[in-house]
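The values are calculated or read from the model by the stated rules, or taken from the named source; none is laboratory data. Predicted model only: the values in this text are computed from it and were never measured. Cβ placement follows ideal geometry from the backbone for every residue including glycine, while neighbour counts extend to all protein chains displayed.
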Amino acid sequence: MIRLVICACALVLAVAFAGTAAAQNAMPALRANVTVTGDIVRIGDLIENAGPVADVPIFRAPDLGTRGVVATDRVVEATESHQLIGIDTRGLSEVIVTRASRAITPQEISARIAQALEGQYGFGAARNILITFDRGVHTLNVEPSASGELQVLTLAYDTRTARFDATIDLPSSAALRQQSTRFFGTAIETIEAVTVERPLERGEVFKASDLAMQRRPKAEGAAITAPNAVVGMAARHPLRPGQTLHEADLMKPMIVQRNDTVTIVYEAPGLTLTLRGQAQDAGALGDTISILNVQSKRVVQGVITGPGRVQIVGTTTRVVENTPQPSPQSDSP
């Protein structure tokens with residue numbers, strides 16, 4: 001039993017020694033892609049198994065958030081003076097070096113300015129404030145270790161021109177203070193409005209596919225904000241794609257056209273008369289139009305109650321006068 005334990009211990013020590021020796025004797029090899037967090041590139045960043053010289057700096061890192069390319073020959077040449085030989089280049093002609101960063105995007109800058117304007121100068125919620133910069137804003141890159149939220153240091157806004165002047169800061173970043181952080185532009189409040197997707201002529205009935213939702217300046221007026229309020233209505237006048245819809249742009253769809261043959265209906269307690277007529281006007285449900293009684297050739301007024309159906313507006317006497325008179329019959333004895 002004792003002999004077996006000794007043999008087992010010896011085997012474990014041999015395996016551990018072999019692993020250590022293999023690690024020490026592992027051939028240094030070039031990496032294809034490298035990401036660094038500082039402004040210096042070290043041998044160990046570029047080469048695996050660099051050993052004691054891994055922390056030796058040999059190149060300057062790219063700018064924050066950017067990447068650079070180092071030719072394999074330059075890497076080998078830079079390491080030769082440090083007695084690092086026999087590097088396995090793995091057939092690579094170059095190494096790509098990326099400098100890590102925390103990216104502050106134009107969208108983040110815009111959102112932060114909108115948040116600073118929220119509830120001020122007559123603005124509502126930040127999500128409804130549209131920020132437009134005078135010039136293109138590029139992404140700002142700062143140290144990956146920089147923490148905290150972006151801050152608006154100064155903010156001025158002119159309600160007459162809708163222009164702003166803002167300066168931002170990230171207290172934990174020294175790199176940001178070396179970049180331009182002052183921004184100019186306009187800020188307006190917007191709403192989600194219903195717009196037209198295709199050209200429509202007067203009288204065309206809206207379908208859901210004819211509509212879209214887009215952000216529009218609130219100052220443009222009381223735009224329609226619910227597509228359901230538009231579908232099934234008709235265009236009061238020609239509309240162009242992208243046009244914001246207002247109540248004045250809509251009307252009820254025409255269900256009776258001029259010269260259409262319609263049924264004239266008169267109802268009274270105990271009496272219903274049905275006549276054939278011809279519409280003298282076009283109209284929508286509920287509209288009052290003129291109808292020609294084709295039998296009497298008289299024109300009467302009626303209210304459209306459905307497709308091809310008009311309710312008479314008038315007196316019983318007039319309607320009865322317009323109807324054919326029954327033929328005379330002899331009196332009963």
Condition met for Arg215 (modelled with pLDDT under 95 and under 30 Å from Met254 (Cα atoms)) = no
Which of the residues that make up the stretch 250-280 are in contact (Cβ under 8 Å) with a residue 24 or more places away in the chain and among the charged types (D, E, K, R)?
-> Lys252, Arg258, Asp260, Glu267
Contact list, first residue from the stretch 38-59 and under 20 Å from Leu92 (Cβ atoms), second anywhere and part of a strand (DSSP E or B) and among the polar types (S, T, N, Q), beta-carbon distance below 9 Å, six or more apart or interchain, is Asp45/Thr35
Scope the stretch 290-323; condition modelled with pLDDT of 90 or more, of a type in the set (A, V, I, L, M) and closer than 22 Å to Arg236 by Cβ; matching residues = Val303
Members of the stretch 60-84 that are free of Cβ contacts under 8 Å to residues at least 60 places away in the same chain, within 30 Å of His138 (Cα to Cα) and surrounded by 14 or more Cβ atoms within 10 Å (Cβ to Cβ) = Ala61, Pro62, Arg67, Gly68, Val70
Considering only the stretch 1-31, state which residues are modelled with pLDDT of 50 or more and either in a loop (DSSP other than H, G, I, E, B) or of a type in the set (Gly, Ala, Ser) (or both).
-> Ala26, Met27, Pro28, Ala29, Arg31
Please go through the stretch 156-180 and pick out each residue that is within 13 Å of Leu117 (Cα to Cα), crowded, with 17+ Cβ neighbours inside 10 Å and either touching a Leu at 6+ places or on another chain (Cβ under 6 Å) or of a type in the set (A, V, I, L, M) (or both).
-> Ala162, Ala166
Could you please find all residues in the stretch 99-125 being of a type in the set (A, V, I, L, M, F, W, C), more than 27 Å from Asp39 (Cβ to Cβ) and buried (at least 18 other Cβ atoms within 10 Å of the Cβ)?
-> Ile113, Ala114, Ala116, Leu117, Phe123
Within the group Asp73, Asp55, which residue is touching a Lys or Arg at 6+ places or on another chain (Cβ under 6 Å) and over 15 Å from Val97 (Cβ atoms)?
-> Asp55
How many residues does the stretch 143-174 contain that are part of a strand (DSSP E or B) and either among the polar types (S, T, N, Q) or in contact with a Ser or Thr (Cβ under 9 Å, 6 or more places away or on another chain) (or both)?
-> 12
Within the stretch 235-242, is even one residue out of contact with any Phe, Trp or Tyr (no Cβ under 6 Å at 6 or more places or on another chain), of a type in the set (D, E, K, R), modelled with pLDDT of 90 or more and exposed (fewer than 13 other Cβ atoms within 10 Å of the Cβ)?
-> yes
